[in-house]
1. Kindly indicate the residue of region 966-996 that is more than 38 Å from the chain's Cα centre (by Cα), under 25 Å from Val1061 (Cβ atoms) and not hydroxyl-bearing (Ser, Thr, Tyr) and also surrounded by the fewest Cβ atoms within 10 Å (Cβ to Cβ) among those meeting that condition.
2. If you go through region 740-758 one residue at a time, how many are part of a helix (DSSP H, G or I) and surrounded by fewer than 18 Cβ atoms within 10 Å (Cβ to Cβ)?
3. Can you work out which of the residues in region 1056-1083 that are surrounded by 20 or more Cβ atoms within 10 Å (Cβ to Cβ) and in contact (Cβ under 8 Å) with a residue 60 or more places away in the chain is farthest from Gly1012 (Cα to Cα)?
4. In the set Leu826, Leu860, which member is farther than 20 Å from Ile920 by Cα and in contact (Cβ under 8 Å) with a residue 40 or more places away in the chain?
5. Out of all the residues in region 592-622, which are of a type in the set (A, V, I, L, M, F, W, C) and touching a Cys at 6+ places or on another chain (Cβ under 8 Å)?
6. I'd like to verify a number: residues in region 1050-1066 that are closer than 11 Å to Gly1022 by Cα and aliphatic (A, V, I, L, M), how many?
7. Checking the condition over 27 Å from Pro1038 (Cα atoms), in a loop (DSSP other than H, G, I, E, B) and not polar (S, T, N, Q), which residue from Lys939, Lys927 passes?
8. Any residue at all in region 786-804 that is within 35 Å of the chain's Cα centre (by Cα), more than 23 Å from Trp742 (Cα to Cα) and of a type in the set (Lys, Arg)?
Amino acid sequence: MDPLSATASIIGVLQLSSDVVKYIIGATGATKARRSLREEILSCEAILLQLQDHADDAEGATVWSEKIKTLEGPGTPLYRFGIALGALKSQLEPKKGWNKALSALKWPFDEKQVEKLISAIQREKSLLQLVLTNNCIELIEASKRASDQNHAALLGLIQRMKDQSADAEWQLTRLNTVLLELEESQSCQAILDWITPIDYSTQQSDFINRRQAGTGNWLLDSAEFRAWAGNANQTLFCPGIPGAGKTILTSIVVDNLQARFDSDPDVGVAYLYCSFQRADDQKAGDLLAGLLKQLAQQRCSLPDSVTSLYSHKKKRQRPSYSEISSTLRLVAAMYSQVFIVVDALDECPAYNSSRFMSEVFNLQETCKVNIFATSRFIPEIVQRFKYGMTLEIRASQKDICSYIDGHMLYLPSFVKRNHELQEEIKTEIFNAVDGMFLLAQLHLDSLVGKRSLKAVRKALKKLPSGSDALRQAYEDAMNRIESQVSDQIELAKQVLLWVACARRPLTTLELQHALAVEVGKPEIDPDNFPQVEDMVSVCAGLVTVDEESDIIRLVHHTTQEYFEQTQKQWFPNADTYIATVCVTYLSFNIFDIGFCKTNLEFEESMGLNRLYDYAAHNWGHHAGRAPAELSDLIVQFLQDEPKVSRCSQAMMVAKDWHHSNYSQDVPRHFTGMHLAAWFGLQDMIVALIAVKNDPDLGDSHGRTPLSYAAARGHEAVVTLLLANDAVNPDSKDSVRGWTPLWHAVVGVQLAVVQQLLGDRRVDPNSISIYGRTPLLLAAKKGHDAVVKLLIENDRVNLNAPDSESGWTSLSWAAANGHDSAVNLLLEKAEVNPDPKDIEYGRTPLSWAAERGHKAVVEALLRRNEVDVDSKSKYGRTPLWFSRERGQEEIVKLLSANNAVDPGLEYSEYGQIPLWYAAEIGQEAIAKLLLDNGVDPNSKSKFGRTPLSYAAEKGHEVIVKLLLGNGKVGPDLKDFEYGRTPLSWAAANGHASVVKLLLEGNGVDPNSKSKYGTPLSWAARFGHEEVVRLLLARDEVDPDSKCHYQRTPLSYAAEKGHEAIVRLLLDKGEVDPSAEDSRYGRTPLLWAKVNGHEAVMKIIKENS
């Protein structure tokens, strides 16, 4: 089947078209050609959208569906349009695939190529237009027959694009596999963006681009940095005063590490830039997710641990903190060394930074992790790094002078002509700033408007210095703003108001839209947009634009602190002004059509109306802090159902935009009452009830205004609604079966939980569709304060089981290590301390012992009713689980307890399976079982024998024991993978076991599984000694092929195992040009795709 046929539908081609247009816009150069090609593609999009709309309409849907079906297959105009788009995308997208952030690309086509592309697309467009304008299906068939010439011309053009490529072999492979890789890369990116949508690479680009050439070298040359970068498991803490240049120096460190280790796949580099403006997106879990995303992104393929974590997506869940943490440990362990760089820890809330750094330090104990961090001199943070190296960051004289030299061109011309004055400026500024880079920047900006030598020297003598220098510099900047003409003053104050008082950073386009809004007007006048250059220039150096992200921001977080302290002076009505602009924007006539019916419609609307996202998410927050005079404007908006529906859609759509129907996955029918409750606007709810709005209406997910108010902790609104007789306080939503109490518990809204528990109409044991009560959820998550509130209520069933697993609240808390919740529950006499679950018959003690939760085990052992030797369904005791999992502290705890029987053995149908004894290395048990006549080839449910498990784990003694048994089958394959014991031992690098197996009889060294022979496995995972052992056997085929026609050389080249590549090529019996069947790649291409230059060189030398 042609790879394109899977995507040769209108929807698939529209998505491909959207991607190509995005790349065209992101490219640089050939502006006219790019515009022409983009417009031609968009005109085809318009026809396809009309065709899709006809098919979606109720009337005539069958006829149009039949017409569209004739387009969906090989040889059709739609098919060829898709081929053209695929070829374009292969040329325009970043060549390293999904694991690099999109960046501006040089336009790769010449003028003639663009002309031919446009001509080819126009021919297909004309045929698509015929389909749209004529109802005759025969016409469509005729257009197919007549389009052979189009097809040939298009393929010829693509071939010429291939031939003209600088690297013909690479581009040929890219074009032949582009559609397969498209699906794979989109899937990978979807997983990464699901982990966290935040991309720190744009910030890194912004910051490193602001570096003045030559600055920061003092840090890279310091003994501390060299010791940190050159040795494993080192920590370097670099504190500094505000404005010392910590962030730029951090970007220099990141840049240095990336340059140093870019070609080394075994070294990972991950970095974070904390920011006071992103506090909501930088909780401890978010920061860990940022590290996980970057380290996973740098692997040649996504680690299995990451893809399995993604399974949560099916349940629309985000990964928990513990899941992110455990997955991060697994991914970090894949590297020989990891560098973690964190800037501005002081800008992260104290609890989050403390929790995050504890996890990073724990990671350092188990993996080779080097930590670099910056912060202001915060005692708690400084104390945390007391055991590592410390190097204070201060702007050096050389760096400050370099910066001033680089920006001297912005000063008046008489300064540029006077070398003596330039030296004077550098000296005076350096003496005033006391190691503060930011202050040097502000002082230099203060000289920009001076008109004479005398004025410059006078200003230099008055430069603020000392502890209050920054504040005085900001005051001087505001005075310069107020000395401008009136229109410039107004523009500057509006820009600063938005930048300082908005709830999140704004892009320049968002701010342009905000500034263009005219209150009372139903739409934006395109002639009212201010220019970005003017927006920046009137602000006296207090704002800057990040080039990569296009975010306009204050120059430093101390600038934000200044405006927070002086808001009443400069922006006394900020919330009223922002709320008015936002509600006006949301009320534009263009939004009368209401809820967007497709992802494409939603994305186009959000792209055209750039302030909409901010307005929808934040208007209510600003309105809640604004005076009552806005009420008429807001009530008018809240009663406009289509506009409210559109607003709620934008507000509630998940950040993960890779879900196939994400824009439709939110409530379609959402009223103004719901919206007011969401934001906690009590006065608006009173006003809406007064004009007969239903206070208990469910949205299309069955959620009421009370449900939203409870989830978001709006106590006053909850009180207001509970007092209304028309409101059902215990209504369930239709998605999870959660009541308002449920939503309050999930959101850890303690005050609201208490309010609802006090209402006798609320059932505190309400069961969700998953069979759980609120207490079960709170205990599972470890929400101690919520657990305490619930168990103090005499109506709560403390032993209610989860209907699916039979776990009680104590079981969940114990299994997840929430010792405080466990202690709270055990304080209640009515709590059963020893319940058994349904599936495995295990107790809380059993789960806590297996998972190593010492404090929980100690708490449970204090209760006499707990059976310390309770057996699971398969006869396993808590002591057995702790031993099996290597939980030494728990083993000591249990063994010290006189009630524990240390001789009690696990039994499954009377005895431990031989395969399990072999897997965990229990030689004595394995010998006993064999002596008692147990079948040495007995298999697990996966069809694996004891020898298979022992070989995988490298238990040489047990392998010898089993091979010494005359009945053992040394070459039996498992059910799941078709692998032999030799295959498992080879894959895991157990050379001694491999040697034992090869020396025995009956072992086929060329046995094939789906993914190859033992040699393939050893080559893939870089086990050189095993490869040597296998190649020494004459019967081993060094060029064997797996199910995908990949050879051992292919796998070794992909992973960059140079020594193994040499060993295989030295045999002289391998084909270095063999292509696999899935991607059509040779070993050389696998090495190239993954950046293994040394391997490429070896292969070329031997070809």
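The values are calculated or read from the model by the stated rules, or taken from the named source; none is laboratory data. No experiment lies behind these values; they were computed from the predicted model shown. With ideal geometry, Cβ positions are generated from the backbone for all residues, glycine too; neighbour counts draw on all protein chains shown.
1. Lys995
2. Result for region 740-758: 3.
3. Top of the filtered list is Gly1056.
4. Checking each option against the conditions leaves just Leu860.
5. Answer for region 592-622, where residues must be of a type in the set (A, V, I, L, M, F, W, C) and touching a Cys at 6+ places or on another chain (Cβ under 8 Å): Phe602, Leu611, Ala615, Ala616, Trp619.
6. 5
7. Values: Lys927 fails: in a loop (DSSP other than H, G, I, E, B).
Only one candidate qualifies: Lys939.
8. Of the residues in region 786-804, the ones within 35 Å of the chain's Cα centre (by Cα) are 786-790, 801-804.
This time we only want the ones that are more than 23 Å from Trp742 (Cα to Cα), so: none.
Scanning region 786-804, I find no residue that is within 35 Å of the chain's Cα centre (by Cα), more than 23 Å from Trp742 (Cα to Cα) and of a type in the set (Lys, Arg), so the answer is no.
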